[in-house]
Amino acid sequence: MKLKSYIYYSNQTGIFTETGRVDERQNSFSFNIPEGVTNEAQIKIKIFDAAGNSVEIFSDYFTVLDNTPP
């Protein structure tokens, strides 16, 4: 089965930006959080199967306190 997943990030309720795409061979994904301190950050993952069926999964809201690079 061929799965495709699209990963989105939001630092505002309901406004998501695509941050990347992965397939079933990948078991991790990382990205830099865009600027913007918020207590309404959220991740959304949209998964498609080979037939084109999809499901969306949302993380709980989380807080971004600092955008200072390491």
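The values are calculated or read from the model by the stated rules, or taken from the named source; none is laboratory data. Everything quoted here is computed from the prediction, not taken from an experiment. Positions of Cβ are generated from backbone atoms using ideal geometry, with glycine treated the same way; all protein chains shown enter the neighbour counts. In case anyone asks, the SASA skips ligands and DNA or RNA and just uses the protein heavy atoms, side chains included. Shrake-Rupley method; radii C 1.70, N 1.55, O 1.52, S 1.80 Å.
Values for this structure:
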{"quantity": "Answer label for semi-axes √(5λ) of the Cα gyration tensor in Å (calculated), chosen among (i) 19, 14, 12; (ii) 26, 14, 8; (iii) 14, 14, 11", "calculated": "(ii)"}
{"quantity": "Solvent accessible area, Å² - ILE43, 1.4 Å probe, full protein context", "calculated": "40"}
{"quantity": "Low-density loop cleavage sites - chymotrypsin sites (Phe, Trp or Tyr not before Pro) in the stretch 1-60, where at most 16 other Cβ are within 10 Å (DSSP)", "calculated": "PHE29, PHE31"}
{"quantity": "Residues of type aspartates and glutamates that LYS2 reaches as a straight line, Cα spacing below 19 Å, ignoring anything fewer than 8 places off in the same chain", "calculated": "ASP23, GLU24, ASP49, GLU56"}
{"quantity": "Accessible area in square angstrom per residue, the chain, 1.4 angstrom probe", "calculated": "75"}
{"quantity": "Carbon/sulfur fraction of accessible area - the chain, other protein chains in place, 1.4 Å, %", "calculated": "51"}
